[in-house]
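Step one of this worksheet: look at the structure below.
The values are calculated or read from the model by the stated rules, or taken from the named source; none is laboratory data. Everything numeric in this text was worked out from a predicted model, so none of it was measured. Heads up, the Cβs are rebuilt from the backbone with ideal geometry, glycines too, and the neighbour counts pull from every protein chain shown.
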Amino acid sequence: MKKIAQKIMTLLLVAALAASSVAYVPAQTASAYTVPSNMKWWARDKFGMFIHFGAYSYYGQGEWAMNEQKISKKKYQTEIAAKFNPTSFNATEIVKYAKQAGMKYIVITAKHHEGFSMWDTKVASFKDYTGTKTFSLQSYTKFGATGRDVLMELKKACDKAGLKFGLYYSIVDWNHSSQNIGGTLSSTMTSMDARAKYITDMKAQLKELVDLYDPAVMWFDGDWSYSAKKPTLENWWTKSDGVDLYRYMKSISPNILVNERVCRSFGLGDFECPERSIPDKSAVPKRPWETCQSMNDAWGYKKSLEKSYFSTGSIIRDLAMVASEGGNYLLNIGPKGNGQMTSGSKKILKGVGKWMKTNSVSIYGVSASPFKKDPSWGTYTRKNKTVYAHVYKWPKNGKLVMKRYKNKKIKKITILGKSKKLKYTIKKNKITVNVPKKAPNTKDTVIVVKYK
Ligand code: H79
């Protein structure tokens, strides 16, 4: 999977080449779309936490292990899911870390592809391979006897801290008796009748989730058909199912936000979802969008990758780059099977929080960059008449050359978090700012240009 950091390097390279050959590019936003009123909070908040937590967290080999390792339903259920015992799950701590990092909403997996329900589902068909026990955290593990509801704990902690709460739900279900692993969608239906029954039951589960947790976002996944054709056993999820699912969600929860993965590639849902990638400045979606990214190459806890986290700096730069293109950023953590946050994720969240403490005004509520192309040193965000220059690559000569916004007059230029005014000169559409020799923040220094 391609890392966003690599993508940014390519973008910077392209931008650098472009900057040397193209003279003046008229002010033009990288993305321009109207935000529907029910999405205003989401578009303003910009930054959320994704949590992948399920039976796979106990196994510690990533959320795709069952599929990748061809583990049978019986084995997965009895040897992995049944042993999942997240007694150390601490919703208050997770929310504290999210809030401190500057995140404004959380989306947690209610059911991933493994088909394990993280809540006390009463929908009868979500049973184990014997058809006798419900395949859920409450019914299938000894943790169930504690009477705890981790989704409710997180929901309550979010409410208390003023964060919005959302749920992830996988359409594909590797453990449901209607499906077997394999095929175009990674699961194949056993019959068309089973398909119809599964869809009805899936909706019943979604109704349970809405009734129990009233999520602000329902984040679907496992919809890979890209097909508007009639369903088949292998390509069993289609565009018309996506259209229907979206309508259904809005009918049971009018204000809920639903991602495009009710069946992606048809412009459905309220927002688009690039995964682990930032669109090119020239190909930014024309409607609200959110990039999801994890902190390493897995989403669910993967022990072997615990020493391979991305750098805090690359995550901060991704967040700013996404904001500069008018998008949201959903950053994932994969807690361990016992529920504990990993030390790697805590370190990154702390680092992002440290940066956000000074620099969050250059992220929340910003518009996309007013310029079509990025400079070689980083990117821009804007709020009304203030342009924020995010400098990733600090100029060695102490002179930062940036574009002038709409030929406006300048009120002052400062480094975000500092009061000292920086000296500058203007030549037509270029501003040259005298900056300190050393980068005040090696991850991303934000220069504030206030226009009159
Ligand atoms: O939940 C996380 C991942 O588990 C899930 N989405 C994030 C948020 C995910 N990411 N990538 N994938 C799942 C793998 C997708 C693989 C695919 Fe395919 C390749 C989909 C279509 C082609 C595998 C092969 C599944 C169907 C055929």
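Any residue at all in the stretch 274-281 that is part of a strand (DSSP E or B), within 16 Å of the ligand (Cβ to nearest atom), at pLDDT 95 or above and polar (S, T, N, Q)?
No, that holds for no residue.
Taking L257 as the residue in question, decide whether it is buried (at least 21 other Cβ atoms within 10 Å of the Cβ), within 17 Å of Y198 (Cα to Cα) and among the hydrophobic types (A, V, I, L, M, F, W, C). Taking the combined requirement at face value, the residue does not satisfy it.
Looking for something within 16 Å of the ligand (Cβ to nearest atom), buried (at least 22 other Cβ atoms within 10 Å of the Cβ) and among the β-branched types (V, I, T) - is there at least one such residue anywhere in the stretch 176-190? So far as the stretch 176-190 goes, no, none of its residues is within 16 Å of the ligand (Cβ to nearest atom), buried (at least 22 other Cβ atoms within 10 Å of the Cβ) and among the β-branched types (V, I, T). State yes or no: is K229 free of Cβ contacts under 8 Å to residues at least 12 places away in the same chain, within 19 Å of R287 (Cα to Cα) and more than 16 Å from the ligand (Cβ to nearest atom)? Spelling it out, it is not the case that K229 is free of Cβ contacts under 8 Å to residues at least 12 places away in the same chain, within 19 Å of R287 (Cα to Cα) and more than 16 Å from the ligand (Cβ to nearest atom). Considering the stretch 66-79, and only residues there that are free of Cβ contacts under 8 Å to residues at least 40 places away in the same chain and within 16 Å of the ligand (Cβ to nearest atom), the residue that is surrounded by the most Cβ atoms within 10 Å (Cβ to Cβ) turns out to be I71.
Among all residues of the stretch 116-136, there is none that is within 16 Å of A55 (Cβ to Cβ), within 13 Å of the ligand (Cβ to nearest atom) and out of contact with any Lys or Arg (no Cβ under 9 Å at 6 or more places or on another chain).
Look through K347, K307 and report the one residue that is of a type in the set (D, E, K, R), assigned to a loop (DSSP other than H, G, I, E, B) and without any contact (Cβ under 8 Å) to a residue 40 or more places away in the chain. Full working, then the answer.
Working: K347 fails: assigned to a loop (DSSP other than H, G, I, E, B).
It is K307.
Would you confirm, using the coordinates I've provided, whether A161 is more than 26 Å from W236 (Cβ to Cβ) and without any contact (Cβ under 8 Å) to a residue 24 or more places away in the chain?
no
Restricting to the stretch 320-337, count the residues that are closer than 15 Å to G62 by Cα and more than 16 Å from the ligand (Cβ to nearest atom).
Of the residues in the stretch 320-337, 2 are closer than 15 Å to G62 by Cα and more than 16 Å from the ligand (Cβ to nearest atom).
Pick out, from the stretch 379-434, the strands (runs of 3 or more DSSP E) lying fully within it that include 1 or more residues that are surrounded by 14 or more Cβ atoms within 10 Å (Cβ to Cβ), polar (S, T, N, Q) and touching a helix residue (DSSP H, G or I) at 6+ places or on another chain (Cβ under 9 Å).
Filter on the stretch 379-434 gives 386-391.
Out of the residues in the stretch 299-319 that are within 16 Å of the ligand (Cβ to nearest atom) and not hydrophobic (A, V, I, L, M, F, W, C), state the one that is nearest to W355 (Cα to Cα). My answer is D318. The C-beta contact set for the stretch 98-115 (first residue touching a residue at least 12 places away in the same chain (Cβ under 8 Å), second residue among the β-branched types (V, I, T) and away from the ligand (no atom under 14 Å from the Cβ), distance under 7 angstrom, 6+ apart or interchain) comprises A98/I106; A101/V352; G102/V352.
For the stretch 232-254, the count of residues that are free of Cβ contacts under 8 Å to residues at least 12 places away in the same chain, in contact with a Ser or Thr (Cβ under 8 Å, 6 or more places away or on another chain) and more than 27 Å from K155 (Cα to Cα) is zero. Taking the condition of a type in the set (V, I, T), within 14 Å of the ligand (Cβ to nearest atom), at pLDDT 95 or above and in contact with a helix residue (DSSP H, G or I) (Cβ under 8 Å, 6 or more places away or on another chain), does I51 pass? It is true that I51 is of a type in the set (V, I, T), within 14 Å of the ligand (Cβ to nearest atom), at pLDDT 95 or above and in contact with a helix residue (DSSP H, G or I) (Cβ under 8 Å, 6 or more places away or on another chain).
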